[in-house]
């Protein structure tokens with residue numbers, strides 16, 4: 001009897017030891033986690049001055065795939081009209097939108113080398129949303145503020161929008177894209193995005209490698 005109780009206590013102890021790292025990891029998982037991962041990628045990209053533009057954009061794109069709520073961002077940009085389009089068109093739009101997002105982000109940060117990115121703080125909002133704030137130190141200029149709006153998708157925190165120096169990527173795209181959508185329709189909007197990406201690719205033909213964006 002005593003031996004049986006002792007064996008049970010040992011078994012419980014082992015279970016707790018095995019479970020503790022998972023519990024501790026879950027406790028550390030917070031809204032700042034995807035921002036920290038993506039910020040690390042941005043710092044690496046900004047430090048890769050010898051790499052071509054395409055290589056750096058590709059790194060940003062892959063980082064966004066792992067940390068951003070890509071489809072939710074696309075839905076937010078198109079608004080209620082999102083539901084009107086067939087799945088095939090939605091997928092094409094999301095693909096082009098995420099690729100263009102990586103290009104636009106690189107363009108916003110290019111030439112802003114300095115002391116790097118520094119965490120400032122975070123603020124919880126209603127509806128399960130958290131703002132995580134960073135600032136980018138730029139040589140000879142005031143720091144550039146970065147505000148990440150983070151929300152939970154299922155069990156994971158994801159970046160929903162990024163505001164750089166007061167300009168939100170989701171809000172900017174919403175205004176631009178909806179005007180085209182209302183005037184010319186979804187197919188015209190997708191074609192415009194794809195044409196813009198082809199133009200950017202052509203302008204960077206001297207880069208050493210082709211981005212794998214598919």
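Structure above, values below:
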{"read-out": "Yes/no for residue 79 being assigned by TED's automatic domain parsing to the domain that holds residue 144, surrounded by 10 or more Cβ atoms within 10 Å (Cβ to Cβ), within 12 Å of the chain's Cα centre (by Cα) and at pLDDT 80 or above", "value": "no"}
{"read-out": "Evaluation of residue 108 against (1) closer than 22 Å to residue 80 by Cα; (2) at pLDDT below 90 (one fails), failing number", "value": "(1)"}
{"read-out": "Test: residue 170 is in contact with a strand residue (DSSP E or B) (Cβ under 6 Å, 6 or more places away or on another chain), in a helix (DSSP H, G or I) and surrounded by 15 or more Cβ atoms within 10 Å (Cβ to Cβ)", "value": "yes"}
{"read-out": "Selection status of residue 182, without any contact (Cβ under 8 Å) to a residue 40 or more places away in the chain and either over 30 Å from residue 120 (Cβ atoms) or not assigned by TED's automatic domain parsing to the domain that holds residue 98 (or both)", "value": "yes"}
{"read-out": "Qualifying residue in the range 66-73 (condition: at positive phi, in the same structural domain as residue 152 (by TED's automatic domain parsing) and not in a helix (DSSP H, G or I))", "value": "no"}
{"read-out": "In the range 177-190, residue modelled with the highest pLDDT [restricted to those that are out of contact with any helix residue (DSSP H, G or I) (no Cβ under 9 Å at 6 or more places or on another chain) and part of a helix (DSSP H, G or I)]", "value": "183"}
{"read-out": "Residue tally, condition surrounded by fewer than 15 Cβ atoms within 10 Å (Cβ to Cβ) and either part of a loop (DSSP other than H, G, I, E, B) or not assigned by TED's automatic domain parsing to the domain that holds residue 97 (or both), over the range 143-167", "value": "4"}
{"read-out": "The listed residue being farther than 26 Å from residue 175 by Cα, in contact (Cβ under 8 Å) with a residue 40 or more places away in the chain and in the same structural domain as residue 48 (by TED's automatic domain parsing), out of 116, 140", "value": "116"}
{"read-out": "Filter result for residue 130 (farther than 30 Å from residue 186 by Cβ and in contact (Cβ under 8 Å) with a residue 60 or more places away in the chain)", "value": "yes"}
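Matching residues to (1) modelled with pLDDT under 55; (2) in contact with a helix residue (DSSP H, G or I) (Cβ under 8 Å, 6 or more places away or on another chain); (3) loosely packed, with under 13 Cβ neighbours inside 10 Å; (4) not assigned by TED's automatic domain parsing to the domain that holds residue 103:
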position	(1), (2), (3), (4)
2	yes, no, yes, yes
26	yes, no, yes, yes
49	no, no, yes, no
61	no, yes, no, no
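The values are calculated or read from the model by the stated rules, or taken from the named source; none is laboratory data. Small disclaimer: the values here were computed from a predicted structure and weren't measured. Cβ: placed from backbone, ideal geometry, glycine included. Neighbour counts: every protein chain shown.
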